[in-house]
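Below is one structure, written out as structure tokens; the observations come after it.
The values are calculated or read from the model by the stated rules, or taken from the named source; none is laboratory data. Since the structure is predicted, the reported quantities are computational estimates derived from the model, not experimental observations. A quick note on method: Cβ atoms are made from the backbone with ideal geometry, for glycine too, and the neighbour counts reach across all protein chains shown. Remember, those area values only see protein heavy atoms, side chains included, never the ligands or the DNA or RNA. Shrake-Rupley method; radii C 1.70, N 1.55, O 1.52, S 1.80 Å.
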Amino acid sequence: MQVTLHQDKCVASGQCVLAAQDVFDQRDKDGLAVLLDDRPPAELHDDVRHAAAVCPALAIALADS
Amino acid sequence: MSTPRNVVIVGASVAGLTAAVTLRTEGYDGRLTLIGDEPHTPYNRPPLSKQILAGTWEPDRIKLRTDEELSALDARLLFGSSASGLDTAARRVVLDGGASVSYDALVIATGVTPNSLPGAHHLAGVHLLRTLDDALALRADLRRKPGARVAVVGAGFLGSEAAAAARRMRLDVTMIDPRPVPMRRQFGDRIAALVGQLHKKNGVSMRCGTGVRRFFESGGRVTGLELTDDTLLDADVVVVAIGAAPAIGWLAGSGLELRNGVECDPTCRAAPGVYAAGDVASWHNNHFGCRMRLEHRLNATEQARAVAHNVLGENQPFAPVPYFWTDQYDAHIQAYGIFPADAELAVLHGELEGGHFVVAYGHRGRVVGVLGWNSPCELRKLRQLVVDRAPWASILPAPQAVWPGRHLSASLR
């Protein structure tokens, strides 16, 4: 799985961190999402799919790799 | 219930589209029909009152799915088509024009319709703001005349964001609301007062505690308004943002329970094979032990996902901790939970006057909400207090200040 984060769309909701905290974090300054791992291990894929699905800004794109 | 083979979704905004996408990603391979009354492909609404209105984004940027992704849904897409009736006995949705579509399972996701002010909607220059077309028409009008005088009627989320966007365009903005401070119903008096200060600091003229008595016009175009406190205001553009009502008119006579939206059980089911999701759905949230109907962006996604799973037979209660946000000037305000009228308030992080803080709302001895002002990371960490419904007393040694209850107003429906 290849994860892409479009930070310019991010609204700092932090839903991605709640869904997959090993893959996403938030910047202290403004809360914008930060991608920690763009190729997360298989056991985290469900969490990452959940993160992408609930992002209110549609800022997370997933592709098979 | 056996798994349906023919699902119809009415409403093609976030909730409707998310239900369709979730059904497919969960393996549903039967017939799927998505009906939406707007001609556009589905788009994201929060940027309408922010980036689209301010002109920093163009419409292409808010599409919820590309055309390729929509066709990959393998659904019948009836955009620009409204539902006008529902026969739950025959399991058919009637469309404008008389055609009808049968279903095994139906998802109602028709959202809300903005309230209008009598005697104004026919005037050029007076705008409601709900759809992409509304936002583009308002934006064009705001750009029509340099230094235009803008009156925003209603100081909730939408009115406050529209006022901020108009100030960003350096227009002359007056905001009018019958309540004493903006966003009082959403946040309560203490935090709402800060929103009022924010607008004043950014040059908005606040006319709180007053309503609109009548409009003035010339040649069919608005020129001003008279307020209930006898003030006369010149206005080139008027934004009416006085709330919205669930779009349930088409369901009259269907036998569904309709009060404040489509009344559902805790699993978001309104009748056998009929579910509702998003702004139009009223359901019992077991986490808070009360009925609610939310017009929040995240809820539309989460509720539609829950409904899709329940359509496929999971039959689980939907019991989320609600989340919303608003952007006004340099303030990014986010909140989790509910904000009852008689809640108490306690500061958990930062200072109210410092521009960065998190406050907790307590009700009946429990933490029921947390609100962050330019503090997204701290707020996320404190969300757990609402998930746990932490005893109010357990957070009291930490707060820097506590206000007694009965000074907040209801956002809970």
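Just a few scattered comments:
- Area accessible to solvent at B:R143, 1.4 Å probe radius, in Å²: 130
- In the calculated pair-distance distribution of the range B:207-304, the portion above 19 angstrom amounts to 57 percent of the Cα-Cα pairs.
- Fraction of beta bridges assigned by DSSP in the protein assembly as shown that are antiparallel (%, nearest 5): 65
- Separation of the B:E26 and A:D64 label points, Cα + 7 Å toward Cβ, nm: 2.3
- Computed log₁₀ I(q)/I(0) - Debye formula, equal Cα scatterers, no solvent, chain B, q 0.13, 0.14 Å⁻¹: -1.17, -1.30
- The range B:1-58: Cα Rg divided by the 2.2 N^0.38 Å rule of thumb: 1.44
- Extension gain (nm, one decimal) between B:R170 and B:W57, 0.36 nm per residue minus Cα-Cα: 38.9 nm
- In this assembly, the B-A interface accounts for approximately 1600 Å² of buried accessible surface in total, computed with a 1.4 Å probe and without ligands, DNA or RNA.
- Note on chain B: antiparallel DSSP beta bridges, both residues inside, total approximately 60 percent of the bridges counted.
- With a simple spin-label model that places each label point 7 Å from the Cα along the Cα-to-Cβ direction, the separation between A:R49 and A:Q2 comes to 1.9 nm.
- Average other protein chain Cβ within 10 Å of Cβ, residues B:345-356: 0
- Centroid-to-centroid, using Cα positions, the range B:232-281 and the range A:43-65 are 30 Å apart.
- R0 of 41 Å, Cβ-Cβ distance B:D342-B:H122: FRET efficiency to nearest 0.05: 0.50
- Take each residue of peptide A:6-18, count the partner chain Cβ atoms within 10 Å of its Cβ, and average: the result is 5.
- Candidate residues B:F79, B:F288, B:F187: accessible-area rank, largest first, probe 1.4 Å: B:F79, B:F288, B:F187
- Partner chain coverage, peptide A:43-53 - average Cβ within 10 angstrom: 1
- Long-range Cα-Cα pairs in the protein assembly as shown (distance over 29 Å), rounded percent: 51
- Note on the protein assembly as shown: lysine pairs with Cα distance below 27 Å, sequence gap of 8 or more or different chains, count 15.
- Note on surface exposure: B:D234, A:D38, B:D327, A:D28 rank A:D28, B:D234, A:D38, B:D327 by accessible area, highest first, 1.4 Å probe.
- Placing a label point 7 Å from the Cα of B:A319 along the Cα-to-Cβ direction, the residues of the range B:275-305 whose backbone N falls under 14 Å of that point are B:284-291.
- Degrees between helix A:45-54 axis and first principal axis of chain A (Cα, 0 to 90, nearest 10): 40
- Chain A: C-alpha pair distances exceeding 17 Å, %: 26
- Projecting the Cα atoms of B:T301, B:V386, B:P317 onto the dipole axis of the range B:275-387, where Lys and Arg carry +1 and Asp and Glu carry -1 at the beta carbon, places B:P317 farthest toward the positive end.
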